[in-house]
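J.: Provided herewith is a single structure, encoded as structure tokens, for subsequent inquiry.
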Amino acid sequence: MNTPQTPHHPHLTVRGEAHIETDPDLAHIQITLTARGTNPHTTLNDLTQRNTTAINLIRSYGPALHNLHTTNLTLTPQLTRHGRNEHIHTHHATTHLTATLNDFTALNELITRLTDIDLTRIDGPWWTLHPTSPTHTQARQQALTNAIQRARDYAHALGTELHTLIELDDTTPDHTPYPGPTQRLAFATESTEATPPPLDLQPQRQTITAHITARFTLHPPTL
């Protein structure tokens, strides 16, 4: 009977992981501005004015504003049936802005002030860490440390030691972008009432996850 051949140095593959909970440093909100009218040009002009007002207000927060961009614009005729025919009854125009802030006190005030703009909807906030946050580096380092410790545990259970690191694989994404709009935070309509005091929003703590696959060779154990 032939004896199965084994590699001179057995291979060991382990997966290291880390989970760190921390406070966010960015907040994202989506602002939807709306205008309605019987004339498409007048409707678009109304939307343009509201869009300009919102952008100027958001940009006035200076260093507290991390990013601002327009994500979508629509101008849709609303049809109504008149006898056997359909006629354009009104035009409905919307534009969507996404603002990212790094100052949460400014965020609370901005959301409240945005409600002064007619027909304005606000979605969010969604909390995230900045992509360059040192917490991401810390999580990756902890994942690698975890992988090495796991490999040593297996080697110790076999009565041997690690020999050589063959490969590190960090191709699995660890970060999921913030989700799209799911709930409406506020909806502003025409009002002569004074602006209410700023909201007191509580940032949601973030869990940062890192994974890494490590491959080693072992000194041949005696089994």
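The values are calculated or read from the model by the stated rules, or taken from the named source; none is laboratory data. Bear in mind the structure is a predicted one, so any value in this text is a computation, not a measurement. For neighbour counting, all protein chains shown are included, and Cβ atoms are generated from backbone atoms with ideal geometry for every residue, glycine included.
J.: Just checking, which of THR176, THR213, THR145, THR195 is of a type in the set (Val, Ile, Thr), farther than 17 Å from LEU26 by Cβ and at pLDDT below 95?
T.: When all the criteria are applied, what remains is THR195.
J.: Which condition breaks for ALA99 when tested against (1) assigned by TED's automatic domain parsing to the domain that holds SER60; (2) modelled with pLDDT under 95?
T.: Just one mismatch for ALA99, condition (2).
J.: Right, here's the next one. Grab the strands (runs of 3 or more DSSP E) fully contained in region 17-124, keeping just those with 3 or more residues being without any contact (Cβ under 8 Å) to a residue 12 or more places away in the chain.
T.: Here the list reads 65-82, 85-101.
J.: Going by what's in this entry, would ALA147 be described as of a type in the set (A, V, I, L, M), in contact (Cβ under 8 Å) with a residue 40 or more places away in the chain and outside the structural domain of THR76 (by TED's automatic domain parsing)?
T.: Criteria met by ALA147.
J.: If you check GLN204 against the conditions, is it under 24 Å from HIS19 (Cβ atoms), surrounded by 11 or more Cβ atoms within 10 Å (Cβ to Cβ) and at pLDDT 95 or above?
T.: no
J.: Continuing with this model, one more query. Pairs under 7 Å by beta carbon, first residue assigned by TED's automatic domain parsing to the domain that holds ALA106 and under 19 Å from GLU109 (Cα atoms) in region 188-216, partner at pLDDT below 95 and basic (Lys, Arg), six or more apart or different chains?
T.: Once the first residue is assigned by TED's automatic domain parsing to the domain that holds ALA106 and under 19 Å from GLU109 (Cα atoms) and sits in region 188-216, no partner that is at pLDDT below 95 and basic (Lys, Arg) comes close enough.
J.: Where residues in region 150-167 are β-branched (Val, Ile, Thr) and surrounded by 13 or more Cβ atoms within 10 Å (Cβ to Cβ), which of them is farthest from LEU223 (Cα to Cα)?
T.: Ranking the qualifying residues of region 150-167, first place goes to ILE166.
J.: Scan region 84-94 and tell me whether some residue there is surrounded by fewer than 19 Cβ atoms within 10 Å (Cβ to Cβ) and under 19 Å from ASP123 (Cβ atoms).
T.: Scanning region 84-94, I find at least one residue that is surrounded by fewer than 19 Cβ atoms within 10 Å (Cβ to Cβ) and under 19 Å from ASP123 (Cβ atoms), so the answer is yes.
J.: Only one of LEU68, LEU75 is assigned by TED's automatic domain parsing to the domain that holds ASP103, farther than 30 Å from ASP170 by Cβ and surrounded by fewer than 16 Cβ atoms within 10 Å (Cβ to Cβ); which?
T.: Of the residues listed, the single one that is assigned by TED's automatic domain parsing to the domain that holds ASP103, farther than 30 Å from ASP170 by Cβ and surrounded by fewer than 16 Cβ atoms within 10 Å (Cβ to Cβ) is LEU75.
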